[in-house]
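A short reminder: the numbers here are calculations on the coordinates, not readings from a lab. Because the structure is a prediction, the values reported are computed rather than measured. Cβ placement follows ideal geometry from the backbone for every residue including glycine, while neighbour counts extend to all protein chains displayed.
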Ligand code: AVI
């Protein structure tokens, strides 16, 4: 998922438009890409530190302890390539890969893409300290626009990273369109590593999102506070409650906000009525089986060349070739 930090006036118009469109639907909906303002970033950081939220630790296990296997599946040998990370953030996991490749004297350029210029500047500073020999080129902006820019060195092989289980924040149809679009942007032979959270004991999954500390609830409610602050709305946060579901058959883990009372909300001249117990659909975190990943890869024009799982077999980094 492309996270969205709203900074420019044009972004504010798009934000307002998305909020108004989402809340005007029969099933009211807000887009979870808007969770990540400054407070949302901090709350997500706290989520990743919770013992219940296993995803980060699992993928870290792969990048820390199975780096050789990962690099082996890429079969890049001595061919110079660009390593392009979609939504790099603090590159916590990929730093292990960067260190491994640098130590092995492999010729590559790291190109982190992120919507936040701030995050990229901090990342560059940290990486320059940790890996002084790293060749790094920052790409600030939208995934696909920046990927197009990165593709301008056409003779160089590309390896794309899409980590963190971010693909889970798309429903299955959106994930398919996203992978197809990626396939259209890259050249035959290019590689893609995507992190998928796997189906497992449903209690484990539900606990990760319905945490007893209430951090995930605050993470969802913060979007209403953000709409108040940035779009001048009048949500009373105390009149909404977080509700989490997980359907182990479809693998859809979904979060909602429940209106605790009948109420009317005003947003920039628009009015939205809520009935008592009416829901706002907030986020999907889709869980996969290995065979779903096979289907997604082949239907979008990729071939699976590696599947690396953490030691618990809860998460997989799937290596695909175009
Ligand atoms: C960013 N993304 C992969 C997280 C997830 O697991 O869906 C966002 C999140 N939502 C609630 N907890 C974490």
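Odds and ends about this structure:
- Ratio of Rg to Rh over the stretch 207-282 (Cα coordinates, Kirkwood Rh, two decimals): 1.01
- Here is the size of the stretch 58-215 from its Cα atoms: Rg then Dmax, 16.3, 51 Å.
- Each peptide in 228-240, 244-256 gets a packing score, the mean of other Cβ atoms within 10 Å over its residues, and the list from highest to lowest is 244-256, 228-240.
- Gap separating the Cα centres of the stretch 55-104 and the stretch 251-300, nearest whole Å: 32 Å
- Cα-Cα separations in the stretch 108-198 greater than 14 Å, expressed as whole percent: 71 percent
- Angle in degrees between helix 172-185 and the longest Cα principal axis of the chain, rounded to the nearest 10: 40 degrees
- Helix axis angle, 117-130 relative to the chain longest principal axis, alpha carbon, degrees: 40 degrees
- Cα gyration tensor shape for the stretch 141-244, rounded if a/c is under 1.5, else prolate or oblate: oblate
- Compactness index (Cα Rg / 2.2 N^0.38 Å), the stretch 277-322: 1.54
- The stretch 177-308 - convex hull of alpha carbons, volume per residue in Å³: 157 Å³
- Helical content of the chain, expressed as a calculated mean residue ellipticity at 222 nm, amounts to -12000 deg cm²/dmol (DSSP H runs of 4 or more residues, -39,500 (n - 2.57) each, divided by residue number, nearest 500).
- Approximating the spin labels as points 7 Å out from Cα along Cα→Cβ, the residue 305-to-residue 290 distance works out to 2.0 nm.
- Global form of the stretch 1-132, assessed from the alpha-carbon gyration tensor, a/c cut-off 1.5: prolate
- Computed from Cα positions, the angle between helix 38-49 and the longest principal axis of the chain comes to roughly 60 degrees.
- Alpha-carbon Debye profile of the chain, log10 I(q)/I(0) at 0.11 Å⁻¹: -0.72
- Among 286, 25, 303, residue whose mean-square fluctuation peaks in a GNM of the chain (springs only between Cα atoms under 10 Å): 25
- Dividing the Cα radius of gyration of the stretch 94-135 by 2.2 N^0.38 Å, with N the residue count, gives 1.15.
- Cα shape, the stretch 118-162, gyration tensor, a/c 1.5 rule: oblate
- Taking label points 7 Å from Cα along the Cα-to-Cβ direction, residue 252 and residue 174 give a separation of 1.2 nm.
- Once the chain from residue 25 to residue 122 is taken as fully extended at 0.36 nm per residue, the excess over their C-alpha distance is 31.0 nm.
- Full-stretch length increase - residue 312, residue 109 - with 0.36 nm per residue and alpha-carbon distance subtracted: 69.9 nm
- The modelled label-to-label distance between residue 204 and residue 78, using points 7 Å beyond Cα along the C-beta direction, is 4.3 nm.
- Estimated at 0.36 nm per residue, the fully extended path between residue 145 and residue 262 surpasses their Cα-Cα distance by 37.9 nm.
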